[in-house]
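Novice: The structure's right below; bear with me while I get my questions together.
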Amino acid sequence: MPVERTTGGSSLIDVLDRVLDKGIVIDAWVRVSLVGIDLITVEARVVVASIDTYLKYSEAVGSVGSVSKPAALSTGDGRASESVLAENANLRAQLAATGRARRRRPAAAKTP
Amino acid sequence: MSRTIKRTGRSKTPPAEAKRSRPATAAVERVIREETPGSHLPAGATRMPGPPPASPDKRGKYVYCIVRADEALRFGPIGFGTPPGEVYTVLYEDIAAVVSDAPIEVLDATRENVLAHERVNETVMRYQTVIPMSFGTVFKTRDDIVELLRGAHSAFQDVLAKMENKVEFGLKVLWDRDAMIRQIEHDDEDIRRLKSEIATQKGSTYFARVQYGRLVDGALQSRSEQYVSEIFEALRDVCVASRANKPIGDKMIMNAAFLVERDRENAFDARVKALGGKYDSLTFRYTGPWPPYNFVNIRLKLERAK
């Protein structure tokens, strides 16, 4: 079957699929707050929160998620993302604690 | 099998073009890009050194993408608005933001606005490597953009180097699910037997139907995986990287993006077309070149300056 090739901009769906949350992304709440504030005078600045490039060859479908961020983070404001980050740190601490506990246990088990 | 080759300049009538080239049935036609350089660029598109246009202070700056630049550039009147805004650069050291003046307000993701965003990106990438900005970022002043470029300079540098001379292609593969089920019934003896049992049995066919459904689903799944892995494998050596996004709807079995070296574009193109010839029952929707949206994710946040 012959293959149809269209240049990028001719399909709105394909455009939307890319431009809304891929490339360089400023969180929605920042985007809104940027409007009308003078960054220089409020002493705020835009900084890089994270940077990823995907230069691997993937084959398995679904093994790589879409680049869009988790729903909890994209719902809007920074507080949501902060709470997720806090939860994240919390879970990591718990994980580290269980890891330590588990390392101790086998050692104890050796002397019945 | 008849093949239609159609040349199309995308700047002409994209919506009509899109409709014509996307038939509802599995039959597809090949649309290839006009090869004469610049012929599909929007009217007025250009790239030349030049100072930013004089603009009233009250206007914000909409950012389309980040590029490498040694001097201030202008890309012509191809941005938002009526008449289309002049697109130019805000320069910081060796990188620049490609911008046009815009009202200081949240820009709606209307068809016109989104297509204008993409149009500018496509125009600029004809000349150089871009890191695309996602839709809808307006800065209040030129100085704010310079601050952004300064703050994110090393990140932008790094990504620009990684994306140098690379473009993205999109490939969606669809199948006719019903035809595939008929094929599976034809090929698989167990499924065929179950189906005839269901058709002829007098009592309850509940368990036979459940079993039939399970077998068909499994067979569909494994066929789809088989196709997808063959297609990925066939394209592996003509691209730099690939990403598998989630397929949309039950007709789509593959929704992928490929990062391709510019000078391998023809090889990639030929390979995709060869795949189209090989898999008669699949429909390939092939788009590009795009800026590398699927291969770059830079998240920016607002921080209090120290």
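Novice: Among the residues of segment B:271-306, what is the count of those that are more than 7 Å from chain A (Cβ to nearest Cβ) and among the small types (Gly, Ala, Ser)?
Specialist: 3
Novice: Can we say B:Arg264 is at negative phi and either modelled with pLDDT under 95 or in contact with a strand residue (DSSP E or B) (Cβ under 6 Å, 6 or more places away or on another chain) (or both)?
Specialist: So B:Arg264 fails the test.
Novice: Is there a residue in segment B:125-138 that is in a helix (DSSP H, G or I) and not basic (Lys, Arg)?
Specialist: yes
Novice: Among the residues of segment A:27-43, how many are within 7 Å of another protein chain (Cβ to nearest Cβ) and either modelled with pLDDT of 85 or more or open to solvent by 20 Å² or more (accessible area, probe 1.4 Å) (or both)?
Specialist: Here the count works out to 10.
Novice: Can you tell me which of B:Asp269, B:Asp250 is closer than 23 Å to B:Ile181 by Cα and touching a Lys or Arg at 6+ places or on another chain (Cβ under 8 Å)?
Specialist: The conditions single out B:Asp250.
Novice: Does segment A:47-61 contain at least one residue that is under 19 Å from B:Arg142 (Cβ atoms), within 7 Å of chain B (Cβ to nearest Cβ) and modelled with pLDDT of 75 or more?
Specialist: Checked against the condition, which is being under 19 Å from B:Arg142 (Cβ atoms), within 7 Å of chain B (Cβ to nearest Cβ) and modelled with pLDDT of 75 or more, segment A:47-61 yields at least one hit.
Novice: Out of (1) touching a helix residue (DSSP H, G or I) at 6+ places or on another chain (Cβ under 9 Å); (2) open to solvent by 10 Å² or more (accessible area, probe 1.4 Å), the odd one out for B:Val114 is which?
Specialist: Unmet for B:Val114, out of (1) touching a helix residue (DSSP H, G or I) at 6+ places or on another chain (Cβ under 9 Å); (2) open to solvent by 10 Å² or more (accessible area, probe 1.4 Å): (2).
Novice: For B:Leu174, which of the numbered conditions (1) touching a residue at least 60 places away in the same chain (Cβ under 8 Å); (2) in contact with a Ser or Thr (Cβ under 9 Å, 6 or more places away or on another chain); (3) assigned to a helix (DSSP H, G or I) fails to hold?
Specialist: (3)
Novice: Would you tally the residues in segment B:246-270 being open to solvent by less than 20 Å² (accessible area, probe 1.4 Å), more than 10 Å from every other protein chain (Cβ to nearest Cβ) and not in a helix (DSSP H, G or I)?
Specialist: Total satisfying the criteria: 1.
Novice: Being more than 23 Å from B:Thr283 (Cβ to Cβ) and either touching a Cys at 6+ places or on another chain (Cβ under 7 Å) or open to solvent by 30 Å² or more (accessible area, probe 1.4 Å) (or both) is the requirement here; does B:Ala208 meet it?
Specialist: no
Here's the yes/no breakdown for (1) within 15 Å of B:Ala96 (Cα to Cα); (2) open to solvent by 80 Å² or more (accessible area, probe 1.4 Å):
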{"site": "B:Tyr127", "(1), (2)": "yes, yes"}
{"site": "B:Met133", "(1), (2)": "yes, no"}
{"site": "B:Ile145", "(1), (2)": "yes, no"}
{"site": "B:Gln157", "(1), (2)": "yes, no"}
{"site": "B:Leu160", "(1), (2)": "yes, no"}
{"site": "B:Gly170", "(1), (2)": "no, no"}
{"site": "B:Asp178", "(1), (2)": "no, yes"}
{"site": "B:Ser222", "(1), (2)": "no, no"}
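Novice: All but one of (1) in the same structural domain as B:Cys239 (by TED's automatic domain parsing); (2) out of contact with any Ser or Thr (no Cβ under 9 Å at 6 or more places or on another chain) hold for B:Thr137; which doesn't?
Specialist: The single condition B:Thr137 does not satisfy is (1).
Table: residues versus (1) closer than 22 Å to B:Gly44 by Cα; (2) surrounded by fewer than 18 Cβ atoms within 10 Å (Cβ to Cβ); (3) in contact (Cβ under 8 Å) with a residue 24 or more places away in the chain; (4) more than 8 Å from chain A (Cβ to nearest Cβ).
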position	(1), (2), (3), (4)
B:Pro77	yes, no, yes, yes
B:Phe80	yes, no, yes, yes
B:Thr89	yes, no, yes, yes
B:Ser100	yes, no, yes, yes
B:Asp108	no, yes, no, yes
B:Thr123	yes, no, yes, yes
B:Ala152	no, no, yes, no
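Novice: Looking for whichever is modelled with pLDDT of 95 or more and small (Gly, Ala, Ser) here; the options are B:Ala161, B:Ala179. Which one fits? Working first, answer last.
Specialist: Details: B:Ala179 fails: modelled with pLDDT of 95 or more.
None of the other options fit; the residue is B:Ala161.
The values are calculated or read from the model by the stated rules, or taken from the named source; none is laboratory data. Quick caveat: nothing in here was measured; it's all calculated off a predicted structure. Glycine also receives a Cβ, built like all others from the backbone with ideal geometry; neighbour counts cover every protein chain displayed. Only protein heavy atoms, including side chains, enter the accessible area calculation; ligands, DNA and RNA are left aside. Shrake-Rupley method; radii C 1.70, N 1.55, O 1.52, S 1.80 Å.
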